[in-house]
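Following: one structure in structure tokens, then a few remarks.
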Amino acid sequence: MANFDSINTVNIKLEEALAVAIKSEENRDFSPTIKGITVGLSSGTSGNRGVFLASEKERAYWVALVLDRVLGFSLKKRSIAFFLRANSNLYDSVKSKLLAFHFFDLLNSIDFHIKRLNTLQPSILVAQPSMLLELANAIEANKLVINPIKIISVAEVLTQEDKVYLTNVFKQTIHQAYQCTEGFLASTCEYGTLHFNEDFLIIEKKYIDKEQSRFHPIITDLRRRSQPIIRYELNDIIQEKASCLCGSKLMGIEAIEGRSDDILIFRNIENQEVKIFPDFFRRAIILSDNTINDYALIQTEPHRLILYTKSENQESFQMACEAIQELLNKNNIFKVEISQTNHNHTLKGQKLRRIKNDVRKTN
Ligand SMILES: [Zn+2]
């Protein structure tokens, strides 16, 4: 991001791109582009915010990829329920006569989503694991009755235990798409194994353990032009899968570690339980001050949070606190205490969890 202006080939300045992307998130109007180039915001794997650019041609290619690898082509008319924190005209471009695309804004309540899903009866459901778990709970409670033919988990790490639970409730394979600012990296085969898209990506492995079982992928995207991705190292910890029953030559992924987050749970002013997805906290913190380059937020009690921020700016902690309180207040949650820590506890454990719910363990 520091070299964004010189790296991109479409003469777009980072400042300009950020302004457009942030404004479209705030107004929840996701149509603006710059010179026909789609601009999107992503928190990126390093936790700091990133901007991605996609030209019309790259967008068309992305659509083809999503159709081919994620949704699967079909001449049947299908409706897709897509849960996102922010829509993007990138996603909107998947729309066609055969595909009806329905954006589910994560800012809305779970009850609202359930009502809408019951009416819509989507043929394809796309959501992050934490939302899929919520929906699975609703199915078990007989509040939600849907029969999607395909379920795709995105944005967060799908843990093995969640995968098993979701597979049982939805009675089908849970598919995954591994995508970030740096590109569309991997998608699942018919056996539910993630395979890197090595037909247009070069994946180099930087091993991080002696046993050479875990690595950071260094990616080169052979397709991207407006924002070239060349030998870019991700912080994600990948466990390689030796082989897959599907017989694909594309490298399989056993697990993605280190991007696991938790949902934080609070009580609102009416004493109702409110669950807030980690992504909202992540965004609140990183958007509060762009000098923050590392952070952690741990919920220790229902009304107590511990916040760690690393930055060169003395005011960063205060700015992040205010952004978090604003997010909580928007959800009618008040009187949450945020205390500062100078140590990033999340780095101690094996898993890097920047947003962490520690409440359940103490209960
Ligand atoms: Zn496979």
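At 25 °C and 0.890 mPa s, grab the translational diffusion coefficient of the chain from Stokes-Einstein with a Kirkwood Rh over Cα pairs, rounded to a whole number in µm² per second. Estimated diffusion coefficient is 114 µm²/s.
Fully extending the segment from Glu211 to Asp199, taken as 0.36 nm per residue of separation minus the present Cα-Cα distance, adds 1.6 nm.
Over the chain, calculate the relative contact order: mean separation of alpha carbon pairs under 8 Å at least 6 apart, over the residue count, as a percent.
On the way: 663 pairs, mean separation 44.1, N = 363.
Relative contact order for the chain comes out at 12 percent.
For the pair Leu98 and Asn118, label points projected 7 Å from Cα toward Cβ lie 3.3 nm apart.
Phi angles of the range 118-128 translate, via the Karplus equation with coefficients 6.51, -1.76, 1.60 and θ = phi - 60°, into HN-Hα couplings of 4, 6, 5, 6, x, 8, 10, 10, 10, 7, 6 Hz per residue; Gly and Pro are given as x.
Dipole size of the chain about its Cα centre, with +1 on Lys/Arg Cβ and -1 on Asp/Glu Cβ: approximately 880 debye, rounded to the nearest 20. Within the straight-line cut-off of under 16 Å between alpha carbons, the lysines reachable from Lys23 are Lys13, sequence neighbours fewer than 8 places apart in one chain being disregarded. My understanding is that a pair violates if its Cα-Cα distance is over 19 Å; which of Lys275/Lys335; Lys210/Lys310; Lys76/Lys150; Lys77/Lys150 do that in this structure? As for pairs spanning more than 19 Å Cα to Cα, those are Lys210/Lys310.
Only the Cβ atoms of Lys and Arg (+1) and of Asp and Glu (-1) were treated as charged; on that basis the dipole of the range 264-362 about its Cα centre amounts to roughly 540 debye.
Pairs of Cα atoms in the range 264-362 fall into 10 Å distance bins, from 0 up to the last occupied one, in shares of 16, 52, 28, 4 percent.
With a Förster radius of 25 Å applied to the C-beta separation of Glu233 and Thr291, the computed FRET efficiency comes to 0.65.
Look at the dipole of the chain built from charges on Cβ: of Asn342, Thr167, Ser311, the Cα furthest out on the positive end belongs to Thr167. Could you tell me which residue out of Ala323, Leu185, Ile139 lies farthest along the dipole of the chain toward its positive end? Charges go on the beta carbon: Lys and Arg +1, Asp and Glu -1, centred on the Cα centre. Highest projection toward the positive end goes to Ile139. With each label modelled as a point 7 angstrom along the Cα→C-beta vector, the Leu245-Ile139 pair spans 2.0 nm. Under 5 Å from the amide H of Leu99 lie the amide H atoms of Arg78, each residue being 5 or more positions distant or on a separate chain, with H modelled from the backbone and absent for Pro and chain starts.
What FRET efficiency comes out for the pair Arg225/Asn271, r = Cβ-Cβ distance, R0 = 41 Å, nearest 0.05? Present the calculation step by step, with values, prior to reporting the outcome.
Details: r = 53 Å, r/R0 = 1.30.
Between Arg225 and Asn271 the formula returns 0.15.
Basic side chains Lys and Arg get +1 at the Cβ, acidic Asp and Glu get -1 at the Cβ, and with that the dipole of the range 57-257 about its Cα centre reaches some 900 debye. Only helices enter the 222 nm calculation for the chain: every DSSP H run of n ≥ 4 contributes -39,500 (n - 2.57), and dividing by all residues gives -7500 deg cm²/dmol, rounded to 500. Can you tell me the FRET efficiency between Phe334 and Glu190 if r is taken as the Cβ-Cβ distance and R0 is 41 Å, rounded to the nearest 0.05? E between Phe334 and Glu190, to the nearest 0.05, is 0.25.
Any read-out appearing in this document is the output of simple, stated calculations on the displayed coordinates, not a laboratory observation. This structure is a prediction, so every number in the text was calculated from the model and none was measured. Backbone-built Cβ (ideal geometry, glycine too); neighbour counts: all protein chains shown.
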